[in-house]
There are 2 protein chains.
Amino acid sequence: MRIGIDLGGTNIAAGLVDEKPGIVLQNSVKTPQGAKAAAQEMAVLAHSLCAEAGIRLQDIESVGIGSPGAIDSRSGMVVYSNNLEYSNVPLAAMLSEQIGLPVRIGNDANAAALGEYHGGAGRRAAAGNDTTPPFSSMILVTLGTGVGGGIIVNGRIYDGFNGMGGEVGHMVIEVDGASCTCGRNGCWEAYASATGLIRLTKKAMECHPDSLMHSITAEKGKISGRTAFLAARKGDPAGDAVVETYCKYLAIGTANLINLFQPAMFCFGGGVSNEGQLLIDRLRPLLAPELYTVGDKRTSLCLAQLGNAAGIIGAALL
Amino acid sequence: MRIGIDLGGTNIAAGLVDEKPGIVLQNSVKTPQGAKAAAQEMAVLAHSLCAEAGIRLQDIESVGIGSPGAIDSRSGMVVYSNNLEYSNVPLAAMLSEQIGLPVRIGNDANAAALGEYHGGAGRRAAAGNDTTPPFSSMILVTLGTGVGGGIIVNGRIYDGFNGMGGEVGHMVIEVDGASCTCGRNGCWEAYASATGLIRLTKKAMECHPDSLMHSITAEKGKISGRTAFLAARKGDPAGDAVVETYCKYLAIGTANLINLFQPAMFCFGGGVSNEGQLLIDRLRPLLAPELYTVGDKRTSLCLAQLGNAAGIIGAALL
């Protein structure tokens, strides 16, 4: 049994992860201020999970933390996290000291990709092929408030020589384009995130006062990443045009990544991926002409299976 | 001793490559029409190199071919090459049959990256650190008629699950941007190649009839990728502005690749890289704000050392 800890800006979620790998027991607490307090809370979570499962902490195979920010997994440091306000924090060692077990740490988006690969979409695909991961490589892209993600090569996280690689959302696809939360302009995130989709939706609603998107917004109480997709499903032309434009931007960044990495699988997670097969069906024809792949070995597009559990499972596998 | 073969659209260049790795003997012939004739020519080259060096073909450690196009290195196939007009050609097996030795095949740009890593810029950097490659990872980007390149991870070519990865030049950096030779729009190649630089230069010359670029063009007989750099070195404002704009586009794509791969080294080759330290010096301040790297472990920028020899050396190391 392993322990995976998903350290977020709001909550710390920890789980006992079995061989499957899947979560057998889970618990969470509010994230306290400061790394020392966070390490203590993680230790308490680890102890309480073991107590509840009736196993001893020293029988845990491995403990991993997925943390936001720039992580040096080799030295176990949170080099910098804007979200947590950490700078050069040796978080792995701090937790290790508390629980007397070695602790690994990695970026949370990378951990989620690892979890999805070994316990979610990757595992499902592998089952169909009567084999188990690591069968090959996968990119997970999460389409949420931002665009995060992780790159899996030969069953392991690919994060470069300094542990900071795999920054898929902040690839510029439009020089001098839309401003991004990161301070740059034209990042993929500014277009392919739910935030980017909402921006497109608002603009289209202004231009099309007759669009179904207005009544959907009135009904739901707000404009969201779902508004245009809901309208498109009901045949609304303006909603459909928003979906088409969004999927075009999604296709450009996806193609850039596939042409660079040629992963066996390309997996979409995050809020927008809840649009499911419609998203994939709309994306596919826009993606095909952008790909350099020739022959039969083509990247499979798929949807993430695990949701938030991916982060805990992946952290346990670090 | 190894044999490396650089199969081009115009010439086939082959070399005997030693342990250093460096080329000890080299020869080339015109590329004949058709794969069968090409395999025969390669066999003749291999025999003649061995004869000239006074060694037996069967004492050759390995034989590798760098070929343009989409290569499946696992099956030894040229899946498709527009340049050579090959489609599903088992070229490795065809040469192997001729010479009675196993033959490896890879994409020519990837082979050049491998050669530069083990025998050129990578080797030089490693020497400074008192270690030998594979010390880590490197991206080579060649700024020529197009933008090619290759990605080295842990001392090996990274080319994805189907051997077609590492397509660095055809990453879109401008949605609906300048048309690219590949049929897409806005590829990095359309901006960062010598061709893109020449386009920028021509445009600036039209707007600035007083620019030094006109007299430089008259003197050299044509507009080239050097024109704006030569003018900028002489203090010409319009030439300087072209160099700045070119380096901005170069920085965007370079940043995208560094943020994704975080390689230990990022190496520039091809015609434009002959601008040397000026290119690096102009690029650096434009690149810095685009990088997500925090802390001290930062990608080193460097210039390719081997020129065309990289392809032969890399092919020998496949």
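Coordinate-derived values only; no laboratory data. Computed from a predicted model, the values in this text were never measured in an experiment. Neighbour counts are summed over all protein chains in view; Cβ atoms, including those assigned to glycine, are modelled from backbone coordinates with ideal geometry.
Computing FRET efficiency as 1/(1 + (r/R0)^6) for residue B:206 and residue A:284, where r is the C-beta to C-beta distance and R0 is 51 Å, gives about 0.75. For the protein assembly as shown, the Kirkwood hydrodynamic radius comes to 26.2 Å, computed from all pairs of different C-alpha atoms.
A simple rule links phi to the HN-Hα coupling: the Karplus curve 6.51 cos²θ - 1.76 cosθ + 1.60 with θ = phi - 60°, which for region A:62-69 gives 7, 10, x, 10, x, 10, x, x Hz, with x for Gly and Pro.
Normalised by the number of residues in region B:1-60, the average gap of Cα pairs under 8 Å and 6 or more apart makes the relative contact order 29 percent. In percent, rounded to a whole number, the relative contact order of chain B is 21, using alpha-carbon pairs under 8 Å and six or more apart. Lysine pairs in region A:167-283 with alpha-carbon atoms under 16 Å apart, 8 or more places apart or on different chains: how many are there? Final tally of qualifying lysine pairs is 4. Any idea what log10 I(q)/I(0) is at q = 0.13, 0.18 Å⁻¹ for region A:212-290, Debye with uniform C-alpha scatterers and no solvent? Here log10 of I(q) over I(0) equals -0.43, -0.75. Placing a label point 7 Å from the Cα of residue B:178 along the Cα-to-Cβ direction, the distances to the matching points in the other copies come to 2.5 nm, shortest first.
Per-residue Karplus couplings for region B:148-155, computed as 6.51 cos²θ - 1.76 cosθ + 1.60 with θ equal to phi - 60°, are listed in order as x, x, x, 10, 10, 10, 6, x Hz, Gly and Pro entered as x.
What ratio of Cα Rg to 2.2 N^0.38 Å holds for region A:81-218?
The value comes to 1.36.
Within chain A, helices built from complete DSSP H runs that reach 18 Å or longer along their own axis (Cα positions) and carry a mean Kyte-Doolittle hydropathy of 0.5 or higher are A:35-53, A:237-261. Approximating the spin labels as points 7 Å out from Cα along Cα→Cβ, the residue B:244-to-residue B:215 distance works out to 2.2 nm. Sorted shortest first, the separations between the residue A:59 label point and its copies elsewhere in the assembly read 6.3 nm; each point sits 7 Å from Cα along the Cα-to-Cβ line.
With a Förster radius of 35 Å applied to the C-beta separation of residue B:296 and residue A:44, the computed FRET efficiency comes to 0.55.
Rounded to whole numbers, the Karplus 3J(HN,Hα) couplings from phi for region A:177-186 are x, 4, 6, 10, 4, 7, x, 8, 10, x Hz, using 6.51 cos²θ - 1.76 cosθ + 1.60 with θ = phi - 60°, and x at Gly and Pro. Taking every Cα-Cα distance in region A:1-159 and sorting them into 10 Å bins starting at zero, the pair-distance distribution P(r) comes out as 11, 40, 36, 13, 1 percent. About the centre of its Cα atoms, chain A shows a dipole size close to 220 debye [charges on the beta carbon of Lys, Arg (+1) and Asp, Glu (-1) only; nearest 20 debye].
Computed over chain B, the percent of Cα pairs more than 32 Å apart is 31. Our helix-only sum for the protein assembly as shown, with -39,500 (n - 2.57) per DSSP H run of n ≥ 4 divided by its residues, gives a mean residue ellipticity at 222 nm of -12000 deg cm²/dmol.
Estimated from the Cβ-Cβ distance and a Förster radius of 51 angstrom, the FRET efficiency linking residue A:181 and residue B:59 is about 0.25.
For residue A:105, the residues whose amide H sits under 5 Å from its own are A:65, ignoring neighbours fewer than 5 places away on the same chain, with H placed 1.01 Å from N.
Once backbone amide H atoms are built at 1.01 Å from N, residue B:304 has B:268, B:269 as its partners under 5 Å, excluding neighbours fewer than 5 places away on the same chain.
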